[in-house]
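Just so it is clear, none of the values below were taken in a lab; they were calculated from the coordinates. Computed from a predicted structure; not experimentally measured. Methodologically, a virtual Cβ is constructed for each residue, glycine included, from the backbone with ideal geometry; neighbour enumeration extends over all protein chains shown.
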Amino acid sequence: MNNKECKRAIELLDIGAGNTGSVRRCLNRLGIESISVGKDRDISGTLPVIFPGVGSFGAVMRLLEASGQKERLVEVINDGVPYLGICVGMQVLLEGSEESPGVAGLGLIEGMVKKFDSGKVPQIGWNLVEPHVATENKKGSGYAYFVNSYYADPNNEAVISHRSQYYRNFASGIKKDNITAYQFHPERSGDYGESLMESWLDATN
C-alpha cells in the first residue's frame, strides 16, 4: 500500500542499467505510480520519463540501442515530454564521454562527460549540492548521495542548474526546457533528494 494515494503516473526506463528499485520506492512514498518501459514496452510519449542509469557510458548507450529505445527517447524528449535523468541518465544526454571514446551520446546537451583528474576516484558518498546562480532554480542547497567517476561538462553554462565541489567545481544538475537531470541520486538523498523529486513531479502537471 502506498504511503500516499496514487494520483499520477510516470514511466521508468528500465533497460537493465539502472537502480530502478530505489527510484520506484521513492516514487511509491510520493504516491506516484511507476510503469516500467524499455524491455517489453516502448516509451509511450504520453507520460513523464525517469531514466536512473547506472554503469558505464558505453554500456548504457549499447543497451539503449539494443532495447530499441534510443531513438524513441530522443523523439519523446524533443516532443516536450518531461524527462528526469539520474547519474548516467544525465551523462547520456551529452555528446560523448571520456569513459567510452567513440561512443556517441544522445546529443541533447552540447558538451562532453569528463573524468575527475584528481582526488579519490570514484567519488562515493555525500556531497553538497548548490543551485547555480545562472538559473532560476528556487530550491536551496543540500547534501546528496553521489557515486561517480565522471562528470558532465556542458558547453552552455546556462543549462547548469546545480553545482558541487569534488577537487574541482562541476555540474551536478542540468535543466533545459523539459529536461532535468542530476549526477547524484535524489532517490537516495533523504529529505533533500525527495524534495527535488517532488518538485520535478509537481512541475510535470
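Once the Cβ-Cβ distance between ASN169 and GLU95 is put in as r, and R0 is 22 Å, what FRET efficiency do you end up with, to the nearest 0.05?
Working: r = 21 Å, r/R0 = 0.95.
It comes to 0.55.
Taking amide H atoms as placed 1.01 Å from N in the peptide plane, the amide H of CYS87 lies under 5 Å from those of TYR182, GLN183, PHE184, each 5 or more residues away in sequence or on another chain.
When each of the peptides 118-131, 80-93, 55-68 is scored by the mean number of other C-beta atoms lying within 10 Å of its residues, the order from highest to lowest reads 80-93, 55-68, 118-131.
What's the exposure ranking of THR46, THR20, going from fewest to most Cβ atoms within 10 Å?
Numbers: THR46 9, THR20 22.
Ascending number of Cβ neighbours within 10 Å: THR46, THR20.
Using unit Cβ charges (K, R positive; D, E negative) and no other charged atoms, how large, in debye to the nearest 20, is the dipole of the stretch 36-84 about its Cα centre? Please report the intermediate quantities before stating the final value.
Details: 5 positive and 6 negative charges, 33 e Å.
For this selection, approximately 160 debye.
Our summary of shape: the Cα atoms of the chain have principal axis extents of 45, 37, 28 Å, ordered from largest down, in whole angstrom.
Here the label points at GLU157 and ASP42, each 7 Å from Cα along the C-beta direction, are separated by 4.2 nm in the simple model.
Here is the P(r) of the stretch 149-200: all C-alpha pair distances, binned every 10 Å from 0, give 23, 54, 23, 0 in whole percents. Scoring 9-15, 147-153, 189-195 by mean Cβ neighbours within 10 Å over their residues and listing the highest first yields 9-15, 147-153, 189-195. Straight Cα distances below 12 angstrom link LYS175 to the aspartates and glutamates GLU136, GLU157, with same-chain residues fewer than 8 positions distant left out. Helix content alone sets the calculated 222 nm mean residue ellipticity of the chain: runs of n ≥ 4 DSSP H residues at -39500 (n - 2.57) each, divided across all residues, give -7000 deg cm²/dmol. Report P(r) for the stretch 27-119: all Cα-Cα distances, bin width 10 Å, range 0 to the bin holding the largest distance, values in whole percent. Histogram of Cα-Cα distances, whole percents per bin: 15, 49, 27, 8, 1.
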